Structure formats: structure tokens, C-alpha cells
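Read through the structure below, which is laid out as C-alpha cells, and then see the notes.
The values are calculated or read from the model by the stated rules, or taken from the named source; none is laboratory data. Since the structure is predicted, the reported quantities are computational estimates derived from the model, not experimental observations. As a convention, Cβ positions derive from the backbone with ideal geometry for all residues, glycine included, and neighbour counts pool all protein chains shown. Only protein heavy atoms, including side chains, enter the accessible area calculation; ligands, DNA and RNA are left aside. Shrake-Rupley method; radii C 1.70, N 1.55, O 1.52, S 1.80 Å.
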Amino acid sequence: MDHRAVAIIPSSDLDASEAFYRRLRFTVVSDYGDYRILEDGQGWHLHLTHAPGWPKNIEDNPFGLYLYVDDVDAMAADVHDLIIEEGAPHTKPWGTYEFSVSDPSGMLVRIGRPSH
């Protein structure tokens with residue numbers, strides 16, 4: 001088995017979170033009620049866990065997730081209404097071509113690729 005890291009993402013509304021991640025091309029592969037496992041079939045995996053009242057204030061969510069994808073522009077077209085930075089996607093000073101969205105719990109999700 002290959003090594004991989006999987007994010008476990010807290011959510012106060014699993015249905016809203018699942019709908020959000022479906023727009024980012026994830027599908028649910030296991031549903032245990034308060035715990036759902038999603039993947040995209042190409043290497044992305046994440047787990048959603050029910051966390052009632054998380055976060056207390058949506059703007060206080062300190063977590064982030066970075067999704068690497070080959071075709072950033074196609075993914076951006078799929079979620080253009082959710083992009084939180086004007087003019088994105090674009091190249092960042094740290095050498096990635098990316099854009100950002102926010103999940104229903106306020107977690108920052110960056111989607112991009114190295115620009116080299």
C-alpha cells in the first residue's frame with residue numbers, strides 16, 4: 001500500500017459538507033451516519049465527521065486543505081461561484097497556480113498545482 005495522509009474534517013452539517021465536496025469531484029464511498037468517507041477515484045481521500053456546533057464562529061475555523069489537480073482551470077469553472085479571491089485562479093508568489101474556496105464550516109480549501 002502507498003503511503004498517504006487523509007484529512008478528517010469536522011462538520012456541523014454533514015449533508016452541506018458532502019454537497020460542497022461533491023462539487024469538488026468527491027464521491028461518498030462509505031457512510032456511517034455521523035462519519036463519511038469520500039474520494040475522487042484519483043488519489044484524493046477525506047473523511048467528514050459530525051461535530052455539532054463546529055465551529056462556534058465560522059470565521060474562526062483555523063484549518064485548511066490543499067488539493068493538487070492537473071487542470072486547475074476546469075476545476076475552477078466547476079465552482080466559479082464559490083471562489084473567494086477575485087481574479088483567481090492565478091499564480092501565487094510561492095509558485096503555485098491556484099484558487100481558494102471555503103467549505104460550509106469555514107475551512108479554507110486551496111486548489112492548484114505547481115506553476116513551474
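By accessible area, using a 1.4 Å probe on protein heavy atoms only, the chain has 51% of its surface on carbon and sulfur.
Across region 28-45, coupling constants 3J(HN,Hα) worked out from phi with the 6.51/-1.76/1.60 Karplus curve, θ = phi - 60°, read 7, 9, 8, 10, 10, x, 8, 8, 10, 10, 10, 8, 10, x, 10, x, 7, 9 Hz, and Gly and Pro carry x. Assuming R0 = 25 Å, what is the FRET efficiency of I83 and R4, from their Cβ-Cβ distance, to the nearest 0.05? With R0 = 25 Å, the Cβ-Cβ based efficiency is 0.40. In the chain, the calculated helix contribution to ellipticity at 222 nm averages -4000 deg cm²/dmol per residue, counting -39,500 (n - 2.57) for every DSSP H run with n ≥ 4.
Computed from the C-alpha gyration tensor, the three semi-axes of the ellipsoid equivalent to region 1-47 are 18, 12, 9 Å, from longest to shortest. In loop segments of region 49-80 as defined by DSSP, the chymotrypsin sites (Phe, Trp or Tyr not before Pro) with at most 14 further C-beta atoms inside 10 Å of their C-beta are F63.
Computed from Cα positions, the angle between helix 14-23 and the longest principal axis of the chain comes to roughly 30 degrees.
When the chain is described by a simple charge dipole with +1 on each Lys and Arg Cβ and -1 on each Asp and Glu Cβ, the residue from F20, G106, W94 located farthest towards its positive end is W94. DSSP bridge analysis restricted to region 22-116 gives an antiparallel fraction near 80%, rounded to the nearest 5. Panel note: the C-alpha atoms of the chain, placed on their principal axes, show extents of 41, 38, 23 Å (largest first).
Each residue, R113 and Y66, gets one label point 7 Å from its Cα in the Cβ direction; the gap between the two is 1.6 nm. Taking the square roots of five times each eigenvalue of the Cα gyration tensor of region 32-97, the equivalent ellipsoid has semi-axes of 26, 18, 11 Å, listed largest first. Looking at region 83-116, the chymotrypsin sites (Phe, Trp or Tyr not before Pro) that sit in a DSSP loop and have at most 15 other Cβ atoms within 10 Å of their own Cβ are W94. For the pair V29 and T49, label points projected 7 Å from Cα toward Cβ lie 1.9 nm apart. The order of the peptides 18-24, 40-46 by mean Cβ neighbours within 10 Å, most packed first, is 18-24, 40-46.
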